[in-house]
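Reading through the structure tokens given below for one structure.
The values are calculated or read from the model by the stated rules, or taken from the named source; none is laboratory data. As the structure is a prediction and not an experimental result, all values here were calculated from the model. Here the Cβ is made from the backbone with ideal geometry for all residues, glycine too, and neighbour counts use every protein chain on show.
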């Protein structure tokens with residue numbers, strides 16, 4: 001099976017802009033989780049979508065949102081970008097019934 | 001909420017020796033404990049995981065042990081090789097797709 005894919009791989013934005021990241025899970029997987037990875041805070045959970053519904057949510061402000069489509073592909077949106085949003089954004093794919101998660105290559109976002 | 005502490009933050013071992021990384025968790029309801037390996041510029045890769053109904057699991061040179069009473073779990077790598085050099089992350093979850101990660105251990109294998 002093909003692995004988890006994420007687009008774009010790299011992104012440069014300026015403060016105040018918004019950004020949308022995309023994640024395609026492993027075929028047959030219905031759960032997509034999003035994580036933010038930074039040198040200072042490590043890997044932090046943003047939210048999880050299962051069958052088009054947000055099932056779990058982390059402690060991030062409302063500027064971070066997501067959605068999932070009927071084909072299980074997921075998008076994450078960050079509005080009003082801040083410098084501190086610069087990070088590697090990883091999505092992880094899971095069947096949804098078993099906890100095992102497989103990560104995509106990530107999208108590296110730089111906010112200037 | 002759940003908190004996962006990971007030690008050491010850096011570890012350097014001679015090739016062929018063993019490496020041990022330890023994690024403690026705070027929520028006794030956590031029941032799933034995966035370990036991920038992340039090489040520079042690459043995605044985290046699942047290397048082994050354990051569930052709370054099991055005390056130990058092995059996969060070739062890698063093993064994980066879990067002590068539910070003490071709320072800690074450890075990764076053991078034997079006969080280390082240069083390709084084992086990477087950052088290793090432990091994580092915990094309560095049966096949901098929300099993983100809480102440790103801060104990571106940078107493992108360096110010296111030839």
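For this structure, a couple of remarks:
- Per the listing B:53, B:3, the residue uniquely over 14 Å from the mean Cα position of the chain (by Cα), surrounded by fewer than 13 Cβ atoms within 10 Å (Cβ to Cβ) and under 22 Å from residue A:37 (Cβ atoms) is B:3.
- Answer from A:20, A:100 - the residue that is more than 20 Å from residue B:40 (Cβ to Cβ) and modelled with pLDDT under 95: A:100
- Of all the criteria given as (1) modelled with pLDDT of 95 or more; (2) closer than 25 Å to residue A:108 by Cα; (3) not in a strand (DSSP E or B), the one not satisfied by residue B:98 is (1).
- For region B:77-94, the candidate set comprises residues that are more than 25 Å from residue A:56 (Cα to Cα) and surrounded by 17 or more Cβ atoms within 10 Å (Cβ to Cβ); within that set, the residue that is nearest to the other protein chains (Cβ to nearest Cβ) is B:87.
- Looking across B:97, B:45, one residue alone is within 14 Å of chain A (Cβ to nearest Cβ), surrounded by fewer than 18 Cβ atoms within 10 Å (Cβ to Cβ) and either farther than 30 Å from residue A:87 by Cα or without any contact (Cβ under 8 Å) to a residue 12 or more places away in the chain (or both). It is B:45.
Residues are listed down the side, and each one gets a yes or a no for (1) buried (at least 16 other Cβ atoms within 10 Å of the Cβ); (2) within 12 Å of another protein chain (Cβ to nearest Cβ); (3) outside any strand (DSSP E or B); (4) touching a strand residue (DSSP E or B) at 6+ places or on another chain (Cβ under 6 Å):
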{"position": "A:66", "(1), (2), (3), (4)": "yes, no, no, yes"}
{"position": "A:72", "(1), (2), (3), (4)": "yes, no, yes, no"}
{"position": "A:77", "(1), (2), (3), (4)": "no, no, no, yes"}
{"position": "A:99", "(1), (2), (3), (4)": "yes, yes, yes, yes"}
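- Condition check for residue A:81: at pLDDT 95 or above and away from chain B (no Cβ under 14 Å): yes
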